[in-house]
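The values are calculated or read from the model by the stated rules, or taken from the named source; none is laboratory data. Quantities reported herein were computed from a predicted structural model and do not represent experimental measurements. Don't worry about glycine lacking a Cβ; one is built from the backbone with ideal geometry, like all the others, and counts go over all protein chains shown.
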Amino acid sequence: MISLHNVGKRYRSLLGREVRALEDFTLELHAGEVFGLAGPNGAGKSTLISLLLGFLAPSEGTVRIGGLEPRRYIERNGIGYLSELVNIPPTWRVHETLHRYALLAGVPTERIAARCAEVTATLGLEEHRSKRVRQLSKGNLQRLGLAQALLCEEAVIVLDEPTHGLDPVWTQRFRDVVDALRRPDRLILIASHNLDELSRLADRVGIVDRGRLQRVVDVRASERDVTDGAPYRIVVASGEQHVLAAFPAARTLSPGEYEVRGMTLDQINAGMVSLIQRGALVNAVYPVHSALEQQFREAVGTGEELA
């Protein structure tokens with residue numbers, strides 16, 4: 001559905017120096033999937049989204065959506081889009097905002113009221129309908145931005161940091177919203193710094209760094225493939241004295257909580273058997289990093305801030 005082939009994008013800095021925001025970027029995104037995009041600050045994610053939306057043209061290579069150049073596709077079909085920063089005139093009221101965006105997006109006049117009511121309910125904005133935008137909390141403003149992105153039910157939806165500002169309750173509900181949006185003929189692209197959310201939401205995640213696609217992670221397959229040597233946490237309710245006997249290299253983090261590193265999955269399982277047989281009561285054992293986070297660390301390193 002979306003095809004990027006050998007895409008590059010160059011800018012000129014104020015000092016005239018060439019800056020390569022993207023280089024040799026090739027990727028295929030398919031209808032029916034939720035695709036995540038992750039990378040450090042300055043990796044090129046924002047440039048990539050701008051190319052997909054037709055705000056920028058590539059310096060080299062091709063970008064196609066449904067076989068068309070992005071602007072031509074959007075003019076014909078539209079795209080649902082949530083920007084990283086939601087910026088709506090502060091004096092507009094919530095219900096007026098959605099009505100105006102629906103009108104601009106081409107929702108049939110006879111459907112506008114019903115469609116606005118539907119997205120208002122989906123994003124839990126009923127009690128805020130009469131509020132002005134400036135009266136909304138950060139989380140409610142984000143939900144309003146999400147609501148406008150879903151007004152037209154397009155086949156391509158691009159969400160840039162969609163859970164930014166959402167409280168834990170609405171972060172969880174957002175997962176249900178994404179599940180409800182899934183359709184065999186729809187592609188959902190989510191750019192986020194929250195790897196845990198991407199691992200829950202996405203089918204595949206592209207990891208971008210220094211303008212290049214470093215790898216594409218099949219999230220479901222990745223979660224099944226545990227990386228040997230990855231750090232694990234072990235939490236015991238009792239029998240702390242047995243932990244070091246079962247795991248001699250374990251590091252104490254706090255009373256009852258330990259970390260083990262550099263062990264294969266077989267070794268961890270054997271150690272857990274030994275620990276339980278010695279009489280310890282185990283509360284939990286889990287990897288410190290999700291499979292996606294481990295892949296991210298391998299692709300871009302551990303010291304960089306995510307974006």
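If I filter the range 1-19 down to residues being free of Cβ contacts under 8 Å to residues at least 40 places away in the same chain and on the phi < 0 side of the Ramachandran plot, which single residue comes out as farthest from the chain's Cα centre (by Cα)? Among residues in the range 1-19 that are free of Cβ contacts under 8 Å to residues at least 40 places away in the same chain and on the phi < 0 side of the Ramachandran plot, the one farthest from the chain's Cα centre (by Cα) is 15. Has the range 61-70 got any residue that is in the same structural domain as residue 169 (by TED's automatic domain parsing), without any contact (Cβ under 8 Å) to a residue 24 or more places away in the chain, farther than 23 Å from residue 167 by Cβ and among the basic types (Lys, Arg)? For the range 61-70, residues in the same structural domain as residue 169 (by TED's automatic domain parsing), without any contact (Cβ under 8 Å) to a residue 24 or more places away in the chain, farther than 23 Å from residue 167 by Cβ and among the basic types (Lys, Arg): absent. Residues in the range 34-75 that are under 18 Å from residue 159 (Cβ atoms) and of a type in the set (Lys, Arg): 1 in all. A search for C-beta distances below 8 Å between a residue of the range 46-60 that is among the charged types (D, E, K, R) and any residue that is surrounded by 15 or more Cβ atoms within 10 Å (Cβ to Cβ), counting only pairs 6+ apart in sequence or on different chains, returns 60/7; 60/8. Screening the candidates 143, 111, 134 for the property of being more than 23 Å from residue 186 (Cα to Cα) and assigned to a helix (DSSP H, G or I) yields one hit, 134. For the range 229-243, a residue qualifies if it is surrounded by 14 or more Cβ atoms within 10 Å (Cβ to Cβ) and without any contact (Cβ under 8 Å) to a residue 40 or more places away in the chain, and the qualifying residues are 242, 243.
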